[in-house]
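First comes the structure, then the notes that go with it.
Every read-out reported here was derived from the displayed coordinates using simple, explicitly stated rules and does not represent laboratory data. Since this is a predicted model, take the numbers as computed values, not measurements. When we count neighbours, we look across all protein chains shown, and the Cβ atoms used for this are built from the backbone with ideal geometry, even at glycine.
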Ligand code: FES
Ligand SMILES: [Fe+2]
């Protein structure tokens, strides 16, 4: 439980707030690089840490991120015109560089001292793994971490995306809460599917949970009924990369996948949720070239036509649990229990790292040594058995059912598989839980989170 004031300190993201200042010490993903190809003006509006910004690419291909509103008379750069050196405002043509400097005010005689006065807020951006990352904190900016799934070569990359109307912290707290998977993704779905007569067992009881701090965050460990103590789920676990990314891996060296659930605080009451996947195809698999050329994006729907939450896929179940807590969960009214030891640990670390920033120190996981940043391999299960019931069978229980490339991924992983039924529910079924066959869902298989 937190007091109302403590809750505000842990959740608010604006400039000058305790958590907001901490969050400004990290790079945050704001878009897929390919997002800019699809917009009419080659720009993208971005809300990050309470700031309304515009991402753009100049005609030399360089990225920039500036405040949305023009300092002249406030028109939006989302409708701007890319130039060789930056972007021009659509209203009167003032031109700004990616560093926020005013380069040109077309009407009248040039007045350099006035021009210098009207700079605009700007922030550094970098591309990695097909994503664009932004840094809003003080200079010098730390290095953009080169985590395994972002830099692995030859992978098929997908990006699911949803803007969720709730604070970032209640989303992150799921990632240090292993027991929820047994209920929300297991017993609850079993309950919901009993009505149409289908009973599925998709998660076993947790016998033990544990958490370990490491250099980049916290690893989460679970031992499920029937698992041996030397199982990867218990021995290795998977990490919450501080402050807000869950990283799950799977498969051996010949067939590995990386899954990042990235939580990007837009403002106090809205969070951009990104599901970034990198699938390394099995050795010898034939992979169509177009699959490797860009990040393949999809929106993740979480509402039914009547406005209720979809609980027919694992990620929709999580989203329901996050959003029904309210815009900002009221932690003065909660009662933490034994299953919440990971939540309590995360909050202790969050407070500790906020204090470090207040003392002028770098918080956890900030990297400034390039030698340590060539490729950061995160601790992850190699034998999580997600694919035991079949690659597609597992994927279609997640947000990946909405991916435009799932059919092709299925052909790579299961070339001899039957015709795949991977589409979203047909409209007549919308809002009803998806039916999955019990025999294809052995216990201990659905701990995606
Ligand atoms: S409002 Fe942007 S140039 Fe006038
Ligand atoms: Fe979950």
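How big is the shadow of the Cα convex hull of the range 27-135, averaged over all directions, in nm²?
Details: hull surface 25.9 nm².
Across all orientations, the range 27-135 yields a mean hull projection of 6.5 nm².
Could you check which residue among 270, 373, 167 shows the biggest mean-square fluctuation in a GNM of the chain with a 10 Å Cα cutoff?
Result: 373 has the largest fluctuation of those listed.
Just the Cα atoms of the range 190-334, one point each, no solvent: what log10 I(q)/I(0) does Debye give at q = 0.11, 0.15, 0.19 Å⁻¹?
Results for the range 190-334 at q = 0.11, 0.15, 0.19 Å⁻¹ read -0.63, -1.19, -1.48.
Mind sorting 27, 234 by how few other Cβ atoms lie within 10 Å of their own Cβ, fewest first?
Least to most surrounded, the residues fall as 234, 27.
Give me the angle, in degrees from 0 to 90, between the Cα long axis of helix 314-323 and the longest principal axis of the Cα atoms of the chain, rounded to the nearest 10.
60 degrees
Could you check what % of the DSSP bridge pairs in the range 250-347 are antiparallel, to the nearest 5? Provide the component values of the computation, followed by the final result.
Numbers: 12 of 12 bridges.
Taking every DSSP beta bridge with both residues in the range 250-347, the antiparallel ones total about 100 percent.
Cα atoms only, the range 126-261: Rg and Dmax in Å?
Cα radius of gyration and Dmax of the range 126-261 are 17.7, 60 Å respectively.
Semi-axes of the chain's equivalent ellipsoid from the Cα gyration tensor, sqrt of 5 times each eigenvalue, largest first, rounded to whole Å? Spell out each step's value before the answer.
Numbers: eigenvalues 298, 134, 91 Å².
Equivalent ellipsoid semi-axes, largest first: 39, 26, 21 Å.
Under a 10 Å cutoff between Cα atoms, tell me which one of 138, 243, 363 has the largest fluctuation in the Gaussian network model of the chain.
The residue that fluctuates most here is 138.
Among 262, 81, rank each residue by its count of other Cβ atoms within 10 Å, from fewest to most, as a rough exposure measure. Don't skip to the answer; put the middle values down first.
On the way: 262 20, 81 17.
Fewest-to-most Cβ neighbours within 10 Å comes out as 81, 262.
Suppose we keep just the DSSP beta bridges with both residues in the chain; what percent of those would be antiparallel, to 5?
Values: 70 of 75 bridges.
Counting only bridges with both partners in the chain, antiparallel ones make up about 95 percent.
Contact order normalised by length for the chain, with contacts defined as Cα pairs under 8 Å and 6 or more residues apart; what percent is it?
Numbers: 916 pairs, mean separation 88.4, N = 449.
The normalised contact order for the chain reaches 20 percent.
GNM, the chain, Cα, under 10 Å: largest mean-square fluctuation among 189, 171, 376?
Checking each option, the largest mean-square fluctuation is seen for 376.
For the range 1-54, list log₁₀ I(q)/I(0) at each q in 0.19, 0.22, 0.26 Å⁻¹, using the Debye formula over Cα point scatterers of equal strength and ignoring solvent, two decimals each.
With no solvent term, the Cα-only Debye profile gives -0.73, -0.84, -0.99.
Neighbouring Cβ atoms within 10 Å as the yardstick, rank 219, 3, 43 fewest first. Kindly include the intermediate steps, with their values, before the conclusion.
Details: 219 19, 3 10, 43 24.
Placing the least packed residue first, the sequence is 3, 219, 43.
Is it possible to state the helix-based mean residue ellipticity at 222 nm for the chain, with each DSSP H run of 4+ residues giving -39500 (n - 2.57), the sum divided by total residues, to the nearest 500 deg cm²/dmol? What is it?
Values: 14 runs with 96 residues, N = 449.
Calculated mean residue ellipticity at 222 nm is -5500 deg cm²/dmol.
Averaging sequence separations of C-alpha pairs under 8 Å and six or more residues apart, then dividing by the length of the range 27-135, give the relative contact order as a whole percent. Please report the intermediate quantities before stating the final value.
Details: 230 pairs, mean separation 28.9, N = 109.
Over the range 27-135, the number comes to 27 percent.
Please pull out the direction-averaged projected area of the range 140-197, using the convex hull of its alpha-carbon atoms, in nm² to one decimal place.
7.9 nm²
Residue 305 versus residue 139, label points 7 Å from Cα toward the beta carbon: distance in nm?
So the two model labels end up 5.5 nm from each other.
Sorted from largest down, give the three principal axis spans of the alpha carbons of the range 72-153, whole angstrom values.
53, 25, 21
For the range 49-93, what is the largest minus smallest coordinate of the Cα atoms on each principal axis, given in angstrom and ordered from greatest to least?
For the range 49-93, the Cα spread along each principal axis is 28, 27, 13 Å.
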